[in-house]
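Below is one structure, written out as structure tokens, with a few remarks after it.
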Amino acid sequence: MKKKKKMSFLITAALITSLLASGCSNSASSKKEADGANSSPKYELKNINFPLDKKVTLKFLTQSSPIAPKDPNDKLIWKRVEKDTNVHIDWTNYPWEQFGDKRNLELASGDLPDAVFHAGLSDNDILRYAKQGVIVPVETLIDKYMPNLKKVLDTRPEYKKLITASDGHIYSFPWIEELGSGKEAIQALDDIPWINKKWLDELGLKMPTTTDELEKVLIAFKEKKPEGKNDIIPMSFMINHGGEDPAMLLGAFGSGDNYDHYVVSEDKKVMYTANQEGYKKGIEWLHQLQQKGLIDKEAFTQDWNTYVAKGKNGRYGLYFTWDRANISGNNEDYVPLPPLKGPDGQINVARTNGYGFDRGRMVVTSANKNLELTAKWIDKAYEPIQSVQNNWGTYGDKKQQNIFELTSNGSLKHLPLGSASPWDIRQKTNVDGPLAVLNNYYGTVTTMPDDAAWRLDILHKIYVPFMKATYNYPPIFLSKDNQDQLTQLETVVKPYVERKKAEWILKGGIEKQWDDYLKQLDKNGLPKLLDIKQKALDKYNAGE
């Protein structure tokens, strides 16, 4: 990622002063914060109400799925919002895979949009662009012009804590989706293993409950060719790919593993999964499966489309993903594989550090001359009924399959989707971006999606009882110095860990290389990384 040359504070102050003089405000503090961030300007209320008497255009940069309309304004949700507000959005829209690079180039060019919607900004991005003056503080906008978001933050003060930078400013608008809480939240586990129940039944096999039993089942899938198939793949995954990684199986050997490799102990100490003895044993076991031809040869290189194509053709005995409908279709051929007991009698399901929360979903730039209008437009996204649609999709669409039905009492009811993929429909019809869906909306504003309710039921009955961890690591907003250090360290540590993980499963060698691997982790800065994470967690838990 190319870094833009840092602006001096005087230039930053001049930009904001000019902006406020031509927009909604009358002054800005010239005090420089310790980390160089902008001071929050003051605003004069102009009493803007929707719909506007005269149409106004705002220029936004955004991203969307390759299967969504190229022009976001072709989506029914945006057509309704424009009609309700009389605000036209001039979108510059890029497909997901191009967006990161395009966004960075545009924000570095000086020809800024008014805002970036569905911004996909990391914490490092937010703090860097704030210090450069590319994006502006928004806490005063929230207090003065955004009653919907303010209500969410007042109701759930933990979210205000999570979006507030160490200098006291808020620089971005979050995405919040609550579906359960604590270890019973839907994000507590992402990589569910799905086993072919149809093949188990055909071959007269019981559901495996131990790692040894699973190995025997996979061998039977390979050798006995259920359904007469000659292209059977006993087990497949996408290595180091979130929910498609086989990390869940490692819980049979100790603390297990998850996407970012951090877990929190019962005494609230941050631990790294990939330097634990149980991790080593688990990787050794996976290599044994690989040696016996039980793992897909493409598991270490395949992309999503390849992974899905083989799943749709019913070739897998066992695979990993968030929801089986996205891989093998919406049928009952595949069922969740329960947590396995390891060689030492260990059963554990490692929690992820996933939250239904994204800090950097939208930012306002220093080019914006309509701050009050922009804030009020964004605040509509935090209306409960609007948040639900922005998140999942809408109703009454005559061109696309609908996610919802609008009921007589004004609430939204999720419709049955048949054999359609919920994710595909969502990509085509929702708009994502900043929003808030809270647990208390279910049963009042909307129903819970059938697939989410089903998944939560699976987690609660099958996996949560074996989640030993009381805590996980929250999405703490670090100071810029700490975030810079963390980013630098993780760009060395994580790729090394994941390269060795793939190499060891595929080729073996973990036993001989383990001591040198641990030394290299220390050399790469793992102790410092854990120290940063621990101090931040201690401070967060102390309420500071």
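With all protein chains present, how much of the accessible area of segment 195-244 (probe radius 1.4 Å) comes from carbon and sulfur, to the nearest whole percent? Show your work: numbers first, answer last.
On the way: 1120 of 2350 Å².
Carbon with sulfur: 48 percent of the solvent-accessible area.
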Discussion item. Straight-line reach only, C-alpha to C-alpha below 22 angstrom: list the lysines that Lys229 could link to, leaving out same-chain residues fewer than 8 apart.
Written reply: Lys197, Lys198, Lys206, Lys216, Lys292, Lys297, Lys310, Lys312
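Give, rounded to the nearest 20 debye, the magnitude of the charge dipole that segment 446-506 has about its Cα centre when Lys and Arg contribute +1 at Cβ and Asp and Glu contribute -1 at Cβ. Before the final figure, lay out the partial values.
Numbers: 8 positive and 8 negative charges, 51 e Å.
With only Lys, Arg, Asp and Glu charged at Cβ, the dipole is about 240 debye.
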Worksheet entry | Solvent-accessible surface ranking, highest first, for Leu205, Leu537 at 1.4 angstrom | Leu205, Leu537
Discussion item. Amide H of Tyr262 versus every other amide H placed in the peptide plane: which residues, excluding those fewer than 5 positions away on the same chain, fall under 5 Å?
Written reply: Thr273
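Determine the order of Lys198, Lys523 by accessible area, beginning with the largest, at a probe radius of 1.4 Å.
On the way: Lys198 95, Lys523 160 Å².
Descending accessible area places them as Lys523, Lys198.
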Fill in: Tyr94 long-range amide H proximity, modeled H, under 5 Å
Thr62, Gln63, Ser64
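Quick one: compute the contact order of segment 437-544, relative version, from alpha carbon pairs under 8 angstrom and 6+ residues apart, as a percent.
Details: 21 pairs, mean separation 40.2, N = 108.
Averaging sequence separation for qualifying contacts and normalising by length gives 37 percent for segment 437-544.
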Worksheet entry | Per residue value of the accessible surface for segment 267-382 (all protein chains in place, 1.4 Å probe), Å² | 36
Worksheet item: Among the lysines, which have Cα under 19 Å from the Cα of Lys533 when same-chain residues fewer than 8 positions away are ignored?
Response: Lys161, Lys268, Lys269, Lys480, Lys494, Lys523
Worksheet entry | Cβ-derived FRET efficiency at R0 25 Å, Glu266 paired with Ser181, nearest 0.05 | 0.85
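Hey, what number do you get for the chain at 222 nm if only DSSP H runs of n ≥ 4 count, each worth -39500 (n - 2.57), divided across all residues, to the nearest 500?
On the way: 18 runs with 210 residues, N = 544.
Dividing the helical sum by the residues of the chain leaves -12000 deg cm²/dmol.
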Worksheet entry | Met467 long-range amide H proximity, modeled H, under 5 Å | Val349
Discussion item. Given the whole protein assembly as supplied and a 1.4 Å probe, what does the accessible area of Ser122 come to in Å², nearest 10?
Written reply: 50
Discussion item. Suppose accessible area is computed on protein heavy atoms with a 1.4 Å probe; arrange Phe300, Phe50 from highest to lowest.
Written reply: Phe50, Phe300
Worksheet entry | Options [x] 75, 57, 38; [y] 68, 59, 42; [z] 134, 52, 45 - which one matches Cα extents along the principal axes in Å as calculated here | [x]
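Please give the per residue accessible area of segment 424-544, computed with a probe of 1.4 Å over protein heavy atoms only, in Å².
Values: 5740 Å² over 121 residues.
It amounts to 47 Å² per residue over segment 424-544.
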Fill in: Carbon + sulfur, % of accessible area of segment 492-544 - ligands and nucleic acids excluded, 1.4 Å
50
Worksheet item: So what J values fall out for segment 412-426 if you push phi through Karplus, 6.51 cos²θ - 1.76 cosθ + 1.60 with θ = phi - 60°, rounded to Hz, Gly and Pro as x?
Response: 10, 10, 5, 8, x, 9, x, 8, 5, 6, x, 5, 5, 5, 4
Discussion item. Suppose the chain between Asp424 and Lys297 were pulled fully straight at 0.36 nm per residue; how much longer would it get relative to their current alpha carbon spacing?
Written reply: 43.0 nm
Fill in: Rounded to the nearest 10 Å², the accessible area of Glu405 at probe 1.4 Å
90
Worksheet, complete the sentence: To the nearest 10 degrees, the tilt of helix 510-524 (Cα long axis) against the first principal axis of the alpha carbons of the chain is 20
Discussion item. Just to confirm the number: angle between the C-alpha axis of helix 9-22 and the first principal axis of the chain, 0 to 90 degrees, nearest 10?
Written reply: 60
Discussion item. How large is the accessible surface of Leu250 in square angstrom, using a 1.4 angstrom probe and rounding to the nearest 10?
Written reply: 0
Response to the item:
The relative contact order of the chain, taking Cα pairs under 8 Å that sit 6 or more residues apart, comes to a percentage of 21
Worksheet entry | Vicinal HN-Hα couplings computed from phi for segment 313-329 (Karplus, 6.51 cos²θ - 1.76 cosθ + 1.60; Hz; Gly/Pro x) | 8, x, 8, 8, x, 8, 8, 10, 5, 5, 9, 4, 4, 7, 10, 10, x
Worksheet item: Toward the positive end of the charge dipole of segment 223-323, about the Cα centre and with charges on Cβ (Lys, Arg +1; Asp, Glu -1), which of Ile283, Ile232, Tyr262 goes farthest?
Response: Ile232
Item to complete: Could you tell me what percent of the DSSP beta bridges with both partners in the chain are antiparallel, to the nearest 5?
Response: 55
Worksheet, complete the sentence: The helix 371-380 Cα axis meets the longest alpha-carbon principal axis of the chain at an angle in degrees, between 0 and 90 and rounded to 10, of 40
Worksheet entry | Partner aspartates and glutamates for Lys225 [C-alpha distance under 17 Å; skip if fewer than 8 residues away on the same chain] | Asp201, Glu202, Glu215, Asp296, Asp333
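Evaluate the charge dipole of the chain about its Cα centre and quote only its size in Debye, nearest 20, assuming +1 on the Cβ of each Lys and Arg and -1 on the Cβ of each Asp and Glu.
Numbers: 74 positive and 72 negative charges, 188 e Å.
Dipole about the Cα centre, nearest 20: 900 debye.
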Item to complete: Pull out a ≥ b ≥ c, the square roots of the eigenvalues of the alpha-carbon gyration tensor of segment 79-168, then state rounded if a/c is under 1.5, prolate if not and a/b is larger than b/c, and oblate in the remaining case.
Response: oblate
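In debye, nearest 20: dipole of segment 39-181 around its Cα centre with unit charges on the Cβ of K, R (+) and D, E (-)? It would help to have the intermediate numbers written out before the result.
Details: 20 positive and 21 negative charges, 74 e Å.
Once rounded to the nearest 20, the dipole reads 360 debye.
What is the percent carbon and sulfur in the accessible area of segment 294-385, measuring with a 1.4 Å probe over the protein chains and ignoring ligands? Mind dumping the intermediate values first?
Values: 1380 of 3120 Å².
With neighbouring chains kept in place, the figure for segment 294-385 is 44 percent.
The values are calculated or read from the model by the stated rules, or taken from the named source; none is laboratory data. No experiment lies behind these values; they were computed from the predicted model shown. Every residue, glycine as well, gets a Cβ built from its backbone with ideal geometry; the counts of neighbours run over all protein chains shown. Ligands, DNA and RNA are excluded from the accessible area calculation, which covers all protein heavy atoms including side chains. Shrake-Rupley method; radii C 1.70, N 1.55, O 1.52, S 1.80 Å.
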